[in-house]
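Take a look at the structure set out below.
The values are calculated or read from the model by the stated rules, or taken from the named source; none is laboratory data. Just so it is clear, the structure is predicted and the values come from calculations on it, not from any experiment. Backbone-built Cβ (ideal geometry, glycine too); neighbour counts: all protein chains shown.
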Amino acid sequence: MQALRAGWRLVAGCDEVGRGALLGPLYVAAVILDPAKRIPGVDDSKKLTPSERESLALKITKKALAFQVVSLSAAEVDALNVYEASRQGMIRAVLALNPAPEFILTDAMRLEGSHTPAGFGIPHRAVVHGDALSVSIAAASILAKVARDAHLRELDRLYPQYGLARNKGYATRTHLEALAFYGPCPEHRRSYQPVKDYLLPLFPFSGAP
């Protein structure tokens with residue numbers, strides 16, 4: 001609301017989901033809400049039930065002026081590091097919005113960096129605990145969470161041994177036990193502990209002299 005009161009009309013909120021997961025993509029969403037179309041109940045996605053998130057996601061996509069959801073694969077997260085992957089995801093999502101935002105609010109993520117596109121001059125503000133303080137950021141967190149959860153349910157059908165429909169790729173006890181027993185699958189993030197602990201060495205010792 002502060003950005004709107006300051007005179008910015010097209011304010012985008014950005015948030016990511018999946019930074020701490022051992023497996024699967026990082027999902028990022030950007031949303032420009034319409035101030036004339038309130039959506040009661042929008043809150044930090046972690047405070048909502050799955051059914052509440054699903055219902056709100058439908059309302060957000062119907063009433064928002066613009067929204068975009070992007071994903072970065074486990075391999076991209078490994079290559080960039082998760083912090084830079086989050087930044088890159090936010091920039092990609094924002095640049096894909098139509099209409100383009102006049103101002104950006106992010107959940108504690110500054111968009112300036114070595115990989116920021118030249119000429120990216122959209123003013124923005126990083127808000128600590130933004131998903132609890134900004135309705136636009138909260139809306140983005142809901143879209144990202146709903147999209148990622150749907151993808152993890154698909155991955156659960158491919159890799160049922162890890163219980164992904166329940167743990168969503170996070171380091172639960174059952175996920176760690178499955179990781180120790182089966183080893184990593186192609187969707188695990190190789191740069192994360194404890195996934196690293198279960199990677200086979202490139203040239204395993206054969207015992208031969």
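Residues that are of a type in the set (A, V, I, L, M) and assigned to a loop (DSSP other than H, G, I, E, B) within the range 169-188 comprise just one, ALA171. Inspect all residues belonging to the range 49-66 and state whether any of them is modelled with pLDDT under 95 and either part of a loop (DSSP other than H, G, I, E, B) or touching a strand residue (DSSP E or B) at 6+ places or on another chain (Cβ under 7 Å) (or both). Scanning the range 49-66, I find no residue that is modelled with pLDDT under 95 and either part of a loop (DSSP other than H, G, I, E, B) or touching a strand residue (DSSP E or B) at 6+ places or on another chain (Cβ under 7 Å) (or both), so the answer is no.
Put simply, of VAL42, VAL69, VAL77 the only residue that is assigned to a loop (DSSP other than H, G, I, E, B) and in contact with a Leu (Cβ under 7 Å, 6 or more places away or on another chain) is VAL42. Can you find, within the range 96-121, the residue that is nearest to ALA138 (Cα to Cα) among those that are aliphatic (A, V, I, L, M) and surrounded by fewer than 16 Cβ atoms within 10 Å (Cβ to Cβ)? It comes out as ALA108.
Residue check: is ALA85 modelled with pLDDT of 95 or more, more than 19 Å from ALA150 (Cα to Cα), in contact with a strand residue (DSSP E or B) (Cβ under 8 Å, 6 or more places away or on another chain) and in a helix (DSSP H, G or I)? Yes.
Is it fair to say LEU176 is touching a residue at least 24 places away in the same chain (Cβ under 8 Å) and of a type outside the set (Lys, Arg)? Judged against the criteria, LEU176 is not a match. Can you find a residue that is out of contact with any Pro (no Cβ under 7 Å at 6 or more places or on another chain), assigned to a loop (DSSP other than H, G, I, E, B) and under 30 Å from ILE104 (Cα atoms) anywhere in the range 150-168? Yes, there is a match, as at least one residue in the range 150-168 is out of contact with any Pro (no Cβ under 7 Å at 6 or more places or on another chain), assigned to a loop (DSSP other than H, G, I, E, B) and under 30 Å from ILE104 (Cα atoms). Taken together, the residues in the range 59-73 that are within 15 Å of ALA140 (Cβ to Cβ) and free of Cβ contacts under 8 Å to residues at least 24 places away in the same chain amount to 1.
Conditions (1) among the basic types (Lys, Arg); (2) modelled with pLDDT of 95 or more; (3) under 23 Å from ALA29 (Cα atoms); (4) in contact with a Leu (Cβ under 7 Å, 6 or more places away or on another chain), marked per residue:
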| site | (1), (2), (3), (4) |
| --- | --- |
| ASP131 | no, no, yes, no |
| LYS145 | yes, yes, yes, no |
| ARG148 | yes, yes, yes, no |
| ASP156 | no, yes, yes, yes |
| GLY169 | no, yes, yes, yes |
| PRO184 | no, yes, no, yes |
| GLU187 | no, yes, yes, yes |
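Before we move on, is SER136 out of contact with any Lys or Arg (no Cβ under 6 Å at 6 or more places or on another chain), without any contact (Cβ under 8 Å) to a residue 24 or more places away in the chain, hydroxyl-bearing (Ser, Thr, Tyr) and outside any strand (DSSP E or B)? Spelling it out, it is not the case that SER136 is out of contact with any Lys or Arg (no Cβ under 6 Å at 6 or more places or on another chain), without any contact (Cβ under 8 Å) to a residue 24 or more places away in the chain, hydroxyl-bearing (Ser, Thr, Tyr) and outside any strand (DSSP E or B).
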